[in-house]
Amino acid sequence: MSRALVTGGAGFLGSHLCDRLLAEGLDVVVMDNLITGSTDNIAHLAGNPHFKFLHYDVTEYLFLEGPLDYIFHLASPASPIDFPTKPIQILKVNSLGTHKALGLARAKGSTFFLTSTSEVYGDPLVHPQVEEYLGNVNPIGVRGVYDESKRFAESITMAYHRFHDVDVKIVRIFNTYGPRMRLNDGRVVPNFIGQALRGDPITVYGNGKQTRSFCYCSDLIEGFWRLVNSDQTGPINIGNPSERTMLEFAENIKAATKSSSEIIFQPLLTEDDPKQRKPDITKARELLGWEPKVSLEDGLRETVDYFRGKLKEAGQL
Ligand code: UDP
């Protein structure tokens, strides 16, 4: 039986990945310090003999007994509200944490899977973003702590691949949504859905003309699985190329929630908020045979149901 370590496995995407790995018959160990993750996301796995949770900070020395076939390195705060509030933790987990995880991969002979990000492209001047585009990142901006440390993570991952011959895979994740996102995550999907369900104003930042492309979580995890089982190193973009403005997205959310909330405009949260973002997924299509399958309508239905439940639990509905 193969065994995988998932750093950040108590997070939104980490927990969905754990479910998939267990379903594929792997033993799974999670390391998470819970600064943005939550044991709620993995509570349904408690008692599963193939699953183990370790409350641990992956920037510390990593030790794990026994064989290890895969390390999926997902640990990192990833919401723009975390950039000004957890800047040092973000820089540390993506630099020191990636170094430690790579060291463990080297010692165990594991395949190392790095979850990088579309943020490596910064505020992109090339549209849609192809993997060859080198990006437009402001190293000293508020977003720089995330963007630059993820760029460093890609760099050290390739160094371990070239210099130490570690088998590596790098995925660049574009905006992804679904159940288990934090209610107070601050990103546009939980914000808009929470506001729409409560009947509060929907807060569009800036002029609302900036674009994003939203991928449902199960599609993303399918992309991970195909990449890890391929002979590709990457980086490969995984995301949904269906692009829309944030103003259009506010209308999509109103329709999905049947809400009569008004739409209001507020200042941008961070400088350098990318004006446009859409993955070019030619590589994923051609090399992995992957493309997203879940429509925005279907994905939002699941996500809205999840947030409705969470708001009821919190006594906000
Ligand atoms: N955004 C918004 N209202 C919100 C939250 C976010 O208009 O309440 C915008 C934000 O300015 C950005 C886009 O939605 O242009 C996506 O933001 P998110 O925080 O989800 O992640 P990002 O793609 O910027 O990393």
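The values are calculated or read from the model by the stated rules, or taken from the named source; none is laboratory data. Since this is a predicted model, take the numbers as computed values, not measurements. Virtual Cβ from ideal backbone geometry, glycine too; neighbours counted across all protein chains shown. Just so you know, the surface numbers come from the protein's heavy atoms only, side chains and all, with ligands and any DNA or RNA stripped out. Shrake-Rupley method; radii C 1.70, N 1.55, O 1.52, S 1.80 Å.
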Could you say whether any residue in region 26-39 is among the polar types (S, T, N, Q), surrounded by fewer than 24 Cβ atoms within 10 Å (Cβ to Cβ) and assigned to a helix (DSSP H, G or I)? yes
Out of region 295-317, which residues are open to solvent by less than 50 Å² (accessible area, probe 1.4 Å) and aliphatic (A, V, I, L, M)? L296, L300, V304, L311
Any residue in region 268-295 that is among the small types (G, A, S) sitting within a Cβ distance under 6 Å of a residue that is away from the ligand (no atom under 11 Å from the Cβ) and at pLDDT 95 or above? List the pairs, counting only those 6 or more apart or interchain. A284/I236; A284/I238; A284/W290
Between I173, I193, I156, which is farther than 22 Å from T257 by Cβ and within 16 Å of the ligand (Cβ to nearest atom)? I173
Run down E243, E222 and say which single residue is among the acidic types (D, E) and either within 13 Å of the ligand (Cβ to nearest atom) or closer than 23 Å to P274 by Cα (or both). E243
Among the residues of region 150-163, is there at least one that is buried (at least 23 other Cβ atoms within 10 Å of the Cβ), among the small types (G, A, S) and touching a Ser or Thr at 6+ places or on another chain (Cβ under 6 Å)? yes
By residue number, the members of region 75-100 that are outside any helix (DSSP H, G or I) and either within 16 Å of the ligand (Cβ to nearest atom) or among the hydroxyl-bearing types (S, T, Y) (or both) are S76, P77, A78, S79, P80, I81, K86
Which pairs turn up if I take residues in region 159-178 that are within 13 Å of F224 (Cβ to Cβ) and touching a residue at least 12 places away in the same chain (Cβ under 8 Å) and look for partners that are of a type in the set (F, W, Y) and part of a strand (DSSP E or B) with beta carbon separation below 6 Å, at least 6 apart in sequence or on another chain? K169/F113
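Would you say A255 is in a helix (DSSP H, G or I), free of Cβ contacts under 8 Å to residues at least 40 places away in the same chain and either out of contact with any Cys (no Cβ under 9 Å at 6 or more places or on another chain) or within 15 Å of the ligand (Cβ to nearest atom) (or both)?
Details: in a helix (DSSP H, G or I): yes; free of Cβ contacts under 8 Å to residues at least 40 places away in the same chain: yes; either out of contact with any Cys (no Cβ under 9 Å at 6 or more places or on another chain) or within 15 Å of the ligand (Cβ to nearest atom) (or both): yes.
So A255 passes the test.
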